[in-house]
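The structure under discussion appears below in the form of structure tokens.
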Amino acid sequence: MKKKFGIVICMLLTVSLITGCTTFNNFKNAFFTDKTSEIADEESGVIKIGVYEPLTGEYKTQGNEEIMGIELAHQLYPEVAGKKVELVYADNQSEMNAAETAIQELVAQKPSVILGSYGETVTLVAGDAVKANNIPAISITSTNPLITINNEYYFCATFAETKQGDALADFIYSDQNISSAATVKLKGDDTATPIIKRFSNRLKTLTENNDCIVGEFELEAVSGDYSAAIEGIKESGAESVFLAVSPKVAEEFFKQAEKAGLTDILYVGTKAWSDTEFISFVESQENLDVAYATDFSSDVKVTEMSEKFLKAYKEKYGEDKEPSDATAVAFDAYLMALEAIQNAYETTMSTDSETIVEEYDTTPAAKGAAEELEQAQKTGIPSGKYIRQALAELTDFEGASGAISFGGTNEATKNIIVTHIKNGGVSGGFDTIIEDGSEDKDR
């Protein structure tokens, strides 16, 4: 595990009510686009990458952060496998019913890879379509395990939620020399339970003390009165608190904790805390000591691409602008898509169709695979099956948000950066890579 010091630590049932206009679009895509897209792409030398995001609706702002990263990467790297890359967009409108139509229209345009979406529900909606059409997709910030479980065509470009527990425990113990903690979650919030368990188990292993978790508290969400938990933490003697709650709840908790005199303590949270407004609040509170997991920090250059991304971002959006985690990971998702397409292209062009035939037990399957390969060789556009395999084989891919590996799976192993804000300013910390079942290395 490498350590950095500096300014920062580094389903679903969908029923779509389709209007007359949308029906025409589906008809057009199904009966015209499908039959001509491969010919058009061959003639124009275009490879399509789908952008499946909420362009409108409740999550428009978050979707735009991901789109900014995709478009910035496309601006820097507009070609792959000797062809121009064209971004094709689908607006899922931040809601389930619209998402069903949006993904079908996007699939009909035959993109080589689909990127997105922000929002777990609309991402889950897309699962069946990408799998049925053999189009690999990369989720950027949606981490619900149901997206990737039993769907080898959906990849996740960020780390699994529970791995943050390991990273935060590592930071507390190894960087801050703290050996005790309390945990806090909202009453009835079962989604916080797995990450709290992982955090607790990791800290017990590091400290070699099964009693290092000195308190487990729940907040009454309805009343908004957190005094019982605050008093319990004070009595427990905890040196740190894993506050597994949203930025909104955390902000109110901090206000009440300050009034109660519970300020001389380190609070840690998940990457949900990497919210611009929440960070501004934390930095305005000189008595707060806060750290949170994140994909990206402008102050931690974990790869050469980190610096290149940041420079390009500031040139495009302004020197005083800071990219979000989502923008950095979306940038990486596009680059991983290009890497996979290029690798799949090279495999496609060097593969003999006769060797493909030998891999199949039945004549129809062998014939279909051979025809698919020959078509890909003719157009210079690799099939989704080859691209999916190339994505799964990516190892130590150097993105803006760190080194990313899939290791034969569709779940990323990558850097988790811990950002530390103390006394109103960024203090310092480290970045780490957490692998399931692995021991703490290079500490």
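The values are calculated or read from the model by the stated rules, or taken from the named source; none is laboratory data. No experiment lies behind these values; they were computed from the predicted model shown. With ideal geometry, Cβ positions are generated from the backbone for all residues, glycine too; neighbour counts draw on all protein chains shown. Ligands, DNA and RNA are stripped out before the accessible areas are found, and what is left, the full protein with its side chains, is counted by its heavy atoms. Shrake-Rupley method; radii C 1.70, N 1.55, O 1.52, S 1.80 Å.
Values computed for the structure shown
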item: Candidate aspartates and glutamates - alpha carbon under 15 Å from K204, same-chain residues fewer than 8 apart omitted; result: D166, D170, E216, E239, E439, D440
item: Student exercise, the stretch 265-415 dipole from Lys, Arg, Asp, Glu Cβ charges, in Debye to nearest 20; result: 240 debye
item: Linear extension gain, L146 paired with N64, 0.36 nm per residue minus alpha-carbon span; result: 27.1 nm
item: Label-point gap, in nm, between K187 and K84 - each point 7 angstrom along Cα→Cβ; result: 6.1 nm
item: Sequence ranges 96-102, 110-116, 196-202, ranked by mean other-Cβ count within 10 angstrom, highest first; result: 110-116, 96-102, 196-202
item: Cα extents of the stretch 33-182 along the three principal axes, largest first (Å); result: 63, 35, 30
item: Cα-centre dipole for the stretch 40-106 with unit charges at Cβ (Lys and Arg positive, Asp and Glu negative), debye to 20; result: 180 debye
item: Sites D211 and Y77 - FRET efficiency at Förster radius 51 Å, r taken between beta-carbons, to 0.05; result: 0.45
item: Selection from G237, N209, L262 lying farthest towards where the dipole of the stretch 189-268 points positive, charges on Cβ; result: N209
item: Fully extended contour minus Cα-Cα distance, from D320 to T56, at 0.36 nm per residue; result: 92.4 nm
item: Label point distance in nm, E231-E286, each placed 7 Å from Cα along Cα→Cβ; result: 3.1 nm
item: Value in Å of the Kirkwood radius, where the chain supplies the Cα pairs that are averaged; result: 23.2 Å
item: Cα-Cα pairs of the stretch 141-274 separated by more than 21 Å (percent); result: 42 percent
item: Anchor K248: aspartates and glutamates whose Cα lies under 13 Å away (excluding residues fewer than 8 positions away in-chain); result: D275, E277
item: Anchor K83: lysines whose Cα lies under 21 Å away (excluding residues fewer than 8 positions away in-chain); result: K35, K48, K110, K378, K385
item: Kirkwood hydrodynamic radius over Cα pairs of the stretch 78-122, then Stokes diffusion coefficient at 4 °C and 1.567 mPa s, in µm²/s; result: 111 µm²/s
item: The chain - mean residue ellipticity at 222 nm from DSSP helices (-39,500 (n - 2.57) per run, n ≥ 4, rounded to 500); result: -13500 deg cm²/dmol
item: Å² of accessible area per residue within the chain, as computed with a 1.4 Å probe and no ligands counted; result: 45 Å²
item: Dipole moment magnitude, nearest 20 debye, the chain about Cα centre, only Lys, Arg, Asp, Glu C-beta charged; result: 260 debye
item: Heavy-atom accessible surface of the stretch 58-189: percent carbon and sulfur, 1.4 Å; result: 43 percent
item: Gain upon complete extension [K308, T363; 0.36 nm per residue less C-alpha separation]; result: 14.8 nm
